[in-house]
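Every read-out reported here was derived from the displayed coordinates using simple, explicitly stated rules and does not represent laboratory data. Note that the coordinates shown come from a computational prediction; the quantities given were computed from them, not determined experimentally. As a convention, Cβ positions derive from the backbone with ideal geometry for all residues, glycine included, and neighbour counts pool all protein chains shown.
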Amino acid sequence: MERDDKKLQAHYEGHPADISLDDVDLDRLPRHITIIMDGNGRWATSRGLSRAEGHRAGVDSLRETITACVRLGIDYLSCYAFSTENWGRPQQEVELLMQLFAVTLENELPLFDQENVRLEFLGDIDALPEEVRDTFHRGLERTKGYTGMTLALAVNYGARAEIARAARLIAQDVADGRLAPADVDEQAIASRLYTADMPDPDLLIRTSGELRLSNYLLWQLAYSEFYATDVYWPDFDRYELLRAIRAYQNRNRRFGKVAS
């Protein structure tokens with residue numbers, strides 16, 4: 001994705017003492033960053049606020065992160081918004097999240113227009129409430145021709161369910177004679193995942209100090225670099241993103257091989 005250096009420099013003016021654009025190599029950025037956005041509820045509780053306020057504050061962090069990734073020239077940003085397990089949360093919280101998804105997407109579409117961001121979804125969005133489902137499909141239709149960064153939101157997503165879905169698709173293709181059992185390889189599985197048209201993530205960021213994958217992109221994260229921060233998601237900003245990228249660039253990615 002092409003980067004506008006003037007906009008990038010303006011976006012990162014007034015940086016904290018410990019991090020600036022000079023601390024990252026703009027020619028070695030991860031192509032695909034994925035984020036487990038965690039800690040909205042704990043952020044709110046620590047401030048004496050309701051969990052709903054935490055989720056609303058998390059929207060602001062997502063907006064800032066999208067803009068920062070666009071400015072940096074990141075090709076793909078994916079974010080874990082709502083898992084298949086999240087349906088087990090209190091009904092009032094689930095209803096709030098569904099309403100927040102619909103309203104937020106409607107409100108952010110002008111940003112996607114302005115920044116040339118193409119929207120994708122990971123997960124079974126057709127199982128969502130009608131208002132949310134229809135809003136998501138409008139967003140997909142409106143941005144399908146955009147050629148800038150791809151933003152993939154994982155909603156009603158679970159990695160085990162995704163892999164099981166891919167297995168069913170393969171089984172059906174084998175039963176129908178479109179695929180031979182001997183041709184079922186890694187590519188056959190990868191091409192039937194929600195991320196089929198995306199590269200695997202280079203960098204996984206998880207906020208709030210948790211150190212688990214939470215059933216997220218289990219196949220795709222096989223060789224991703226992990227970065228965990230104690231910062232709650234509503235406090236994650238463009239500078240936290242730079243810190244994660246700096247850590248990523250200090251890693252030696254060998255993909256199971258020995259460095260030469």
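Being assigned to a loop (DSSP other than H, G, I, E, B) and either in contact with a helix residue (DSSP H, G or I) (Cβ under 9 Å, 6 or more places away or on another chain) or in contact (Cβ under 8 Å) with a residue 24 or more places away in the chain (or both) is the filter here, so list the residues in the range 156-179 that pass it.
158, 178, 179
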Q: Among the numbered conditions (1) charged (D, E, K, R); (2) surrounded by fewer than 13 Cβ atoms within 10 Å (Cβ to Cβ); (3) in contact (Cβ under 8 Å) with a residue 60 or more places away in the chain, tell me where residue 251 comes up short.
A: (3)
Q.
Name the single residue that is surrounded by the fewest Cβ atoms within 10 Å (Cβ to Cβ) among those in the range 114-153 being of a type in the set (Val, Ile, Thr) and more than 15 Å from the chain's Cα centre (by Cα).
A. 147
**Q.** Subset of the range 198-219 that is of a type in the set (A, V, I, L, M, F, W, C) and assigned to a loop (DSSP other than H, G, I, E, B) - its residue that is nearest to residue 1 (Cα to Cα)
**A.** 198
Q) Restricting attention to the range 206-248, and to residues there that are in contact with a Phe, Trp or Tyr (Cβ under 6 Å, 6 or more places away or on another chain) and surrounded by fewer than 18 Cβ atoms within 10 Å (Cβ to Cβ), which single residue is nearest to residue 164 (Cα to Cα)? A) 223
Q.
Within the range 183-191, does at least one residue satisfy the condition of being of a type in the set (Ser, Thr, Tyr) and either surrounded by 15 or more Cβ atoms within 10 Å (Cβ to Cβ) or assigned to a helix (DSSP H, G or I) (or both)?
A. no
Q) From the set of residues in the range 64-79 that are under 11 Å from the mean Cα position of the chain (by Cα) and of a type in the set (S, T, N, Q), which is nearest to residue 25 (Cα to Cα)? A) 65
Q) Taking into account only those residues within the range 104-155 that are touching a helix residue (DSSP H, G or I) at 6+ places or on another chain (Cβ under 7 Å) and among the polar types (S, T, N, Q), which is nearest to residue 62 (Cα to Cα)? A) 104
**Q.** Residue count, the range 2-41 (criterion: under 29 Å from residue 100 (Cβ atoms) and in contact with a helix residue (DSSP H, G or I) (Cβ under 8 Å, 6 or more places away or on another chain))
**A.** 11
Q: Taking residue 44 as the residue in question, decide whether it is buried (at least 19 other Cβ atoms within 10 Å of the Cβ) and over 16 Å from the mean Cα position of the chain (by Cα).
A: yes
Q: Filter the range 88-113 down to residues that are under 20 Å from the mean Cα position of the chain (by Cα) and among the polar types (S, T, N, Q) and give me whichever is surrounded by the most Cβ atoms within 10 Å (Cβ to Cβ).
A: 104
